1. For residue 270, indicate whether it is within 18 Å of the chain's Cα centre (by Cα), more than 10 Å from the ligand (Cβ to nearest atom) and in contact (Cβ under 8 Å) with a residue 24 or more places away in the chain.
2. Select from segment 141-155 the residues that are without any contact (Cβ under 8 Å) to a residue 60 or more places away in the chain and surrounded by 15 or more Cβ atoms within 10 Å (Cβ to Cβ) and list them in ascending order.
3. For segment 275-282, state whether one or more residues are modelled with pLDDT of 95 or more, part of a strand (DSSP E or B), within 17 Å of the chain's Cα centre (by Cα) and more than 12 Å from the ligand (Cβ to nearest atom).
4. Of (1) part of a loop (DSSP other than H, G, I, E, B); (2) exposed (fewer than 12 other Cβ atoms within 10 Å of the Cβ), residue 340 satisfies all except one. Which?
5. Residues that are more than 29 Å from residue 291 (Cα to Cα) and touching a strand residue (DSSP E or B) at 6+ places or on another chain (Cβ under 7 Å), at least 3 per element: which helices (runs of 4 or more DSSP H) completely within segment 1-87 meet that?
6. For segment 350-362, does any single residue satisfy the condition of being at pLDDT 90 or above, in a helix (DSSP H, G or I) and in contact with a strand residue (DSSP E or B) (Cβ under 6 Å, 6 or more places away or on another chain)?
7. Output the residues belonging to segment 186-215 that are under 20 Å from residue 154 (Cβ atoms) and away from the ligand (no atom under 16 Å from the Cβ).
Ligand code: SF4
């Protein structure tokens with residue numbers, strides 16, 4: 001099983017508890033982005049296109065712990081940027097694990113071998129290594145040769161040391177089902193504990209806009225891949241119903257509050273993928289976001305999204321409501337034949353709005369003002 005049984009039980013119990021409390025919206029996974037800075041510049045990334053003063057910002061250890069306290073989700077995914085560039089990352093992870101949270105540390109693995117000694121294997125902890133496909137595919141995706149080999153070497157080393165390791169595979173237009181299926185075989189043979197996969201989201205700031213999948217292509221691609229995987233026992237870290245959704249068999253509406261994101265700007269509205277505004281607190285995010293304005297069918301920027309940020313939580317909530325359905329899909333695997341589930345109409349979606357420049361300008365002014373204030377304090381401090 002890709003997700004340890006205790007984790008599945010605890011997350012299931014958490015979801016049931018939220019339903020019993022009649023909470024309309026609740027988080028399942030806290031997404032923590034303690035920095036945007038990265039040591040790669042991938043063509044499909046929408047996270048690193050910030051001016052240097054913003055890339056130099058970091059969440060402190062205490063800010064990360066406070067985010068966990070505010071949010072209370074049972075699972076935490078630490079992403080970025082590249083989290084291993086954050087000097088205090090071992091302390092952040094240790095303290096989150098001490099709170100008995102299930103922590104996934106996402107990394108491109110370039111620094112993983114060098115940093116392994118800073119971490120200890122723990123049943124609550126997993127490395128989540130970015131690998132978008134076989135050597136040629138991944139190196140093209142991250143725009144640098146040799147990254148696949150280094151990531152694979154690091155995965156092997158981490159497994160030798162007793163760590164849990166999953167891979168995070170983002171799929172783009174042009175992916176060939178046979179190649180992707182062979183890649184899943186290869187990572188299983190490497191001994192990884194699980195695969196997390198999804199189509200890439202068309203970030204408006206991503207340098208390469210030509211290779212994002214639309215919904216129809218996504219569904220057909222995953223159907224073809226899952227058909228090739230029948231009987232192969234690939235282990236996924238995702239709900240069987242989310243995989244069934246990727247293969248076009250579920251009509252889910254987005255649940256963006258299921259994976260709320262805290263980064264150096266605050267709590268991002270409405271999801272990991274879209275930065276349409278920021279809240280100062282988790283409570284403010286949950287209460288003041290106009291959630292009904294987002295999701296496929298509601299907003300142009302959401303039209304082609306099938307990413308786990310919004311739809312995995314929909315699948316998990318559905319599993320609680322329809323336990324027999326998830327049992328059936330878990331036993332048989334995602335459906336790969338027959339008619340697909342109806343698609344959500346885009347007829348009434350609102351047009352996209354763009355606020356990146358305004359947002360970045362205001363952040364830059366804040367950073368400059370803070371810097372000036374610090375300088376003033378230092379200048380005004382009396383000499384000893
Ligand atoms: S559909 Fe949901 S997860 Fe996807 S971009 Fe829109 S709000 Fe975010």
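1. On the way: within 18 Å of the chain's Cα centre (by Cα): yes; more than 10 Å from the ligand (Cβ to nearest atom): no; in contact (Cβ under 8 Å) with a residue 24 or more places away in the chain: yes.
It is false that residue 270 is within 18 Å of the chain's Cα centre (by Cα), more than 10 Å from the ligand (Cβ to nearest atom) and in contact (Cβ under 8 Å) with a residue 24 or more places away in the chain.
2. Here is the first cut: in segment 141-155, the residues without any contact (Cβ under 8 Å) to a residue 60 or more places away in the chain are 145-146, 148-155.
Selection gives 148, 150, 151, 152, 154, 155.
3. No, the conditions are met nowhere in segment 275-282.
4. (2)
5. On the way: elements: 5-20, 52-55, 61-71.
Passing ranges: none, list empty.
6. Within segment 350-362, none of the residues are at pLDDT 90 or above, in a helix (DSSP H, G or I) and in contact with a strand residue (DSSP E or B) (Cβ under 6 Å, 6 or more places away or on another chain).
7. Just the residues of segment 186-215 that are under 20 Å from residue 154 (Cβ atoms), to begin with: 186-197.
Listed by number, the residues that qualify are 186, 187, 188, 189, 190, 191, 192, 193, 194, 195.
Let's see how each residue does on (1) under 28 Å from residue 4 (Cα atoms); (2) out of contact with any strand residue (DSSP E or B) (no Cβ under 9 Å at 6 or more places or on another chain); (3) buried (at least 18 other Cβ atoms within 10 Å of the Cβ):
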| position | (1), (2), (3) |
| --- | --- |
| 217 | no, no, no |
| 232 | yes, yes, no |
| 236 | yes, no, yes |
| 260 | yes, no, yes |
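The values are calculated or read from the model by the stated rules, or taken from the named source; none is laboratory data. No experiment lies behind these values; they were computed from the predicted model shown. Heads up, the Cβs are rebuilt from the backbone with ideal geometry, glycines too, and the neighbour counts pull from every protein chain shown.
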